[in-house]
Structure formats: structure tokens, C-alpha cells
1. Which of the residues spanning the range 4-30 are of a type in the set (A, V, I, L, M, F, W, C) and closer than 19 Å to Ser96 by Cα?
2. Name the one entry in Phe29, Phe13 that is in contact (Cβ under 8 Å) with a residue 24 or more places away in the chain and touching an Asp or Glu at 6+ places or on another chain (Cβ under 9 Å).
3. Spot the failing condition for Asp53; the list is (1) among the charged types (D, E, K, R); (2) out of contact with any Pro (no Cβ under 9 Å at 6 or more places or on another chain); (3) farther than 30 Å from Val149 by Cα, and only one is missed.
4. From the list Phe29, Phe45, Phe115, exactly one residue is among the aromatic types (Phe, Trp, Tyr), part of a helix (DSSP H, G or I), assigned by TED's automatic domain parsing to the domain that holds Cys131 and in contact with a Leu (Cβ under 9 Å, 6 or more places away or on another chain). Which is it?
5. As an exercise: evaluate Pro60 against (1) in contact with an Asp or Glu (Cβ under 6 Å, 6 or more places away or on another chain); (2) assigned to a helix (DSSP H, G or I) and give the number of the one condition it does not meet.
6. Count, please, the residues in the range 165-216 that happen to be more than 30 Å from Arg118 (Cβ to Cβ) and out of contact with any helix residue (DSSP H, G or I) (no Cβ under 8 Å at 6 or more places or on another chain).
7. Counting residues that are at pLDDT 90 or above and within 19 Å of the chain's Cα centre (by Cα), which helices (runs of 4 or more DSSP H) fully inside the range 128-206 reach at least 2?
Amino acid sequence: SHKVMIKYFQNRFALTEKGAKDLRQGIIFSTLLNLVLMLPPTYLFFFLMEYLDNMPMNAPHTLWFYLLVAAGLMVVMLVVIRRQYDSTYTTVYNESAQRRISLAEKLRRLPLAFFGERNLSDLTATIMEDCTLLETTFSHAIPQLFASVVSMVIIAAGMFCYDWRLAIALFWVVPFALVVLLVSRNRMDKAFTHVYHIKRGVSEQIQEGLECVQEI
């Protein structure tokens, strides 16, 4: 399953083996982060259950017990958040820096005739926008998307085991949100295309202005 997952990421997102492994690490720690964020409300829930319990046979825990548990939860959250940040943002932007350097090196080796036959503003805008989009996608979207699905399944399973009525009350909105997303997909695609053409026009105007400055 490990190799199948790596191969899937490589084929689906056109990644190297290292990039696929980094993405897997990002998904794992993003999932752990989503689960760890459930610890504070769970901690408060058990505290209130014990505090409001009037059964004399149940000996309440001391204040030091809750302070130690809170400190332990803080340490766990700090470690997971740190690892999640390193496995997504730090790793992705380090890889992006190498990608930009390699692109600049490839462009430097191209003959001048290549640039004379193409629109420079379109070329530079497309390359920079693609690099920025890859950075944003692999640091802010893809790991979090997979992690959200996995953590939602785990949390939903736990909620259904605890109280199925409470689980339905919490998760009924998920299929509704999915339907809204699918219905609005065409509108979003048109909006993104419109914004892309506007940005491309701005880049062309800037390039024309720079060329006029050189001529002057």
C-alpha cells in the first residue's frame, strides 16, 4: 500500500519520488493536526462531565491532574503543529526554490531566437503564475484536502459509535456542501478564466511599458 500510494501521487500530480513522499508526510501530519485539535474540547468535555457529576461514589480528580493533562496536551499539540508546518510549508517552499532556480537556469540556456518568437509578458507571467500556483496548491490545498477526508471519516466513525443522532446532526451538512461545490464548479471555472485573462492583460501592459522605457 505504501508503494501504491507513492505511485498514485507521482502519476496524479506529476511528482518525483521525493515529492510524493513529502506529500504523504504532509497528509499524515495534517491528519494528525486535525485530530489533535479535537483534544482541547474533549478535555473540556470530560472535565465538565466530572465537575457536574453529583455521584458521590465517583472520586473527582484533583486540580493538579487536570493541569498535568493540559500541559501534556499542549506539548503534543506543539509537536504535531511543528511537524505539520515543516512537512507542508517548509518542505514545499524549499522545493519551490529549487524549481525556480532550475527554471531560470533552463531559460538562461535557451537561444535568443526563442524569446524573439514569443510574447515575453505571456511567457514570464505563465511561468511565475504556475510556480506560485504549485506552491499554494501543495502547501495549502492538497495535503489539507486529503487530511480533511481522512480525519472526517475517523471523527464521524467515533461520533457514530458514541451517539448516532449527534453524528447526524453534525455531519448532515457535508453532503450538502459537496453538492453546492459541484454545482458551482462551472461558475468558479469561468471566474478563474476571467481573472487569468485580466492578469495576463496587465502583464502585457507592464511589458510594453518596460520596452518603451528601453527604447526611450
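1. The answer is Phe9, Phe13, Ala14, Leu15, Ala20, Leu23, Ile27.
2. Values: Phe13 fails: touching an Asp or Glu at 6+ places or on another chain (Cβ under 9 Å).
Being in contact (Cβ under 8 Å) with a residue 24 or more places away in the chain and touching an Asp or Glu at 6+ places or on another chain (Cβ under 9 Å) holds for just one of Phe29, Phe13, which is Phe29.
3. (2)
4. Phe115
5. Here Pro60 clears every test but (2).
6. Our first condition is that a residue be more than 30 Å from Arg118 (Cβ to Cβ); within the range 165-216, this holds for 165-187.
Next cut, out of contact with any helix residue (DSSP H, G or I) (no Cβ under 8 Å at 6 or more places or on another chain) only: 165, 168-169, 172-173, 175-187.
Here the count works out to 18.
7. Details: elements: 142-162, 164-171, 173-183.
Where helices (runs of 4 or more DSSP H) fall fully within the range 128-206 and carry at least 2 residues being at pLDDT 90 or above and within 19 Å of the chain's Cα centre (by Cα), they are 142-162.
Residue-wise test of (1) out of contact with any strand residue (DSSP E or B) (no Cβ under 9 Å at 6 or more places or on another chain); (2) exposed (fewer than 12 other Cβ atoms within 10 Å of the Cβ); (3) farther than 25 Å from Ala147 by Cβ; (4) not assigned by TED's automatic domain parsing to the domain that holds Ile127.
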{"residue": "Val76", "(1), (2), (3), (4)": "yes, no, no, no"}
{"residue": "Ile81", "(1), (2), (3), (4)": "yes, no, no, no"}
{"residue": "Gln84", "(1), (2), (3), (4)": "yes, no, no, no"}
{"residue": "Ile101", "(1), (2), (3), (4)": "yes, yes, yes, no"}
{"residue": "Ala104", "(1), (2), (3), (4)": "yes, yes, yes, no"}
{"residue": "Leu107", "(1), (2), (3), (4)": "yes, no, yes, no"}
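The values are calculated or read from the model by the stated rules, or taken from the named source; none is laboratory data. Here the structure is a predicted model, which means the values were calculated and not measured. Please note: Cβ atoms are built from the backbone with ideal geometry, for glycine as well, and neighbour counts cover all protein chains shown.
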